[in-house]
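Coordinate-derived values only; no laboratory data. The model shown is predicted, which means the values in this text are computed figures rather than measured ones. Using ideal geometry, Cβ is built from the backbone for each residue, glycine included, and neighbour counts are taken over all protein chains shown.
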Amino acid sequence: MAKLSWQEILGLIQELRKRGFQVVGPSSEGGVVKLVPLEDETKLETDYVRTLNSPKDFLLPDKERLFRYKSTATITSYGLKIRFPTVEGPCPITIVPEYSPPIGKLAFFGIHPCMANSIKYLDKVMLSDPADPYYKARRDGLFIAVLECAEGDEYCLCKSVGSDKVPKGYADLSIRKEGDDFIVKASSPMGSSLLMEESVEEIEEPSPKMKEEYVIDATDEKTIETKDPTTLLEGCTLCSSCTVVCPTCYCSDIQDRFSLMDPSNVERVRMRMSCQRRSYSSIAGNVLFLKTKNDRFKWRMKHKFPFSEKMYGMSGCVGCGNCIAFCPSRIDFRSFLGRRVA
Ligand code: SF4
Ligand code: SF4
């Protein structure tokens with residue numbers, strides 16, 4: 001354990017950079033704190049509650065090019081002509097595997113425990129067999145320095161969903177702010193080599209203080225299905241912000257993109273998709289599974305709680321409160337799935 005000054009904390013970031021890491025951390029921009037690549041380490045923010053974005057934006061970026069391929073598409077006077085396999089024999093496309101450029105080793109510096117839990121959740125989703133190679137390439141060698149969160153705001157619920165502590169193996173350094181200084185513990189060999197300390201210590205951070213405490217217990221599938229969220233969702237415009245800012249929402253869609261000037265060069269792109277959008281559950285034949293606002297909200301709640309528990313053995317909600325804080329109508333799912341107790 002070491003007591004470091006602000007300058008020494010900045011020195012750790014410089015050292016990570018020297019070791020080849022792209023360091024990403026919280027920084028204030030236009031009144032909002034965001035995780036950004038810290039080109040200038042003095043922009044690191046250490047007094048904050050929430051960030052607009054989350055580690056998923058770096059580990060699972062939106063609009064990620066998966067590969068390019070050559071198609072036989074041509075522009076004719078009737079429009080675009082593409083040969084499909086069932087119509088004209090085998091589709092003669094040539095896959096040219098071209099991954100997005102590797103970004104090198106990634107380090108998150110100064111994220112809160114809820115965000116460390118979100119990385120654990122994404123790992124469970126993306127690294128379960130078969131592992132997603134794009135995610136894995138970014139995840140391998142990841143360095144995590146967690147900054148203790150002293151007190152949440154009125155939207156935080158990490159304690160209610162069990163994400164108030166850093167999961168084992170999800171911090172290389174654990175940092176606590178004490179006045180102008182920082183108490184830093186190494187929790188992995190990578191962390192101790194950065195801190196130049198021999199010992200690796202178990203993290204024993206206290207829980208953040210909550211402004212409001214909720215018990216979230218109505219989370220089984222049947223209970224969610226029988227509840228009526230109509231009144232709660234009166235102000236919901238289905239804008240999808242709740243899923244965009246959620247650190248664990250990982251649903252995606254695949255698009256093939258090409259220019260009409262050269263339709264033979266196609267790139268396959270993985271785009272974020274939101275369960276709040278109509279297109280999320282629409283299939284051929286104009287069939288729509290999640291027809292109403294209520295259906296989509298309940299689906300989100302089921303995915304976050306019973307489905308995630310069943311599939312990954314942990315809550316898909318890490319209690320960051322982003323979906324409430326950044327919802328234009330401040331729609332708050334806590335009272336739908338539980339009750340306020342303090
Ligand atoms: S952010 Fe709010 S308004 Fe937008 S879809 Fe989500 S709940 Fe509805
Ligand atoms: S559902 Fe809301 S509170 Fe839970 S992790 Fe997602 S954004 Fe955070």
Give a residue-ordered list of calculated ³J(HN,Hα) values for the stretch 22-35 (Karplus: 6.51 cos²θ - 1.76 cosθ + 1.60, θ = phi - 60°; whole Hz; x for Gly, Pro).
-> 8, 9, 10, x, x, 8, 7, 9, x, x, 10, 9, 10, 7
What list of ³J(HN,Hα) values in whole Hz, one per residue of the stretch 316-325 in order, does the Karplus curve 6.51 cos²θ - 1.76 cosθ + 1.60 (θ = phi - 60°) give from phi, with Gly and Pro shown as x?
-> x, 10, 9, x, 6, x, 4, 5, 8, 4
How far is helix 6-18 tilted, in degrees, relative to the longest principal axis of the Cα atoms in the chain, given as a value from 0 to 90 rounded to the nearest 10?
-> 40 degrees
Positive-pole candidate from HIS303, PHE336, GLY285, dipole of the stretch 264-342, charges at beta carbon = PHE336
Gap separating the Cα centres of the stretch 1-35 and the stretch 156-194, nearest whole Å | 14 Å
Sorted by chain and then number, the residues having a modelled amide H within less than 5 Å of the amide H of SER252, at least 5 places away or on another chain, are MET273
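Using only the Cα atoms of the stretch 2-340, build the gyration tensor, take square roots of its eigenvalues as a ≥ b ≥ c, and label the shape rounded, prolate or oblate: rounded if a/c is under 1.5, else prolate if a/b is larger than b/c, else oblate.
Note, shape of the stretch 2-340 comes out oblate.
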Taking the chain as the reference, fit the longest principal axis to its C-alpha atoms, fit the long axis of helix 293-302 to the helix C-alpha atoms, and give the angle between the two in degrees, 0 to 90, nearest 10.
-> 50 degrees
Using 0.36 nm per residue, how much length does the chain from LYS168 to LYS63 gain when fully extended, once their Cα-Cα distance is taken away?
-> 34.7 nm
Length released on extending from LEU238 to MET261, taking residue separation times 0.36 nm less the Cα-Cα span | 4.8 nm
Among the lysines, select those whose C-alpha is under 16 Å from the C-alpha of LYS34, and discard any that sit fewer than 8 residues away in the same chain.
-> LYS43, LYS56
Using the beta-carbon distance between THR46 and ARG19 and R0 = 25 Å, what value does 1/(1 + (r/R0)^6) give for FRET efficiency, to the nearest 0.05?
-> 0.70
Loop-resident sites, the stretch 293-342, for trypsin sites (Lys or Arg not before Pro), counting at most 13 other Cβ within 10 Å (DSSP) | ARG330
Would you work out the charge dipole size for the stretch 2-340 about its Cα centre, treating the Cβ of every Lys and Arg as +1 and the Cβ of every Asp and Glu as -1, and quote it to the nearest 20 debye?
-> 1500 debye
If amide H atoms are modeled at 1.01 Å from N in the peptide plane, then the residues at a separation of 5 or more from LEU173, or on another chain, having amide H under 5 Å from its own are ILE144, ALA145, VAL146, SER187
Residues in the stretch 152-184, backbone N under 14 Å from the label point at MET1 (7 Å along the Cα-to-beta-carbon vector): list them, ranges by number please.
-> 174-178, 182-184
Output ³J(HN,Hα) for the stretch 212-223: one whole-Hz value per residue in order, computed from phi by the Karplus curve 6.51 cos²θ - 1.76 cosθ + 1.60 with θ = phi - 60°, and x for Gly and Pro.
-> 10, 10, 10, 9, 10, 10, 8, 10, 7, 4, 5, 5
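Taking R0 as 51 Å, what FRET efficiency do you get between LYS177 and GLU309 from their Cβ-Cβ distance, rounded to the nearest 0.05?
0.95
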Whose amide H sits under 5 Å from the amide H of LEU52, counting only residues 5 or more places off or on another chain, with H placed in the peptide plane?
-> VAL33, LYS34, LEU35
Partner aspartates and glutamates whose C-alpha sits under 14 Å from that of LYS18, ignoring same-chain residues fewer than 8 away, are GLU39, ASP40, GLU41
Work from the charge dipole of the stretch 159-279 (Cβ charges, +1 for Lys and Arg, -1 for Asp and Glu, about the Cα centre) and give the residue of MET273, VAL245, TYR214 farthest towards its positive end.
-> MET273
Choice from PHE67, PHE109, PHE21 showing the highest fluctuation, given a GNM over the chain with Cα pairs closer than 10 Å | PHE67
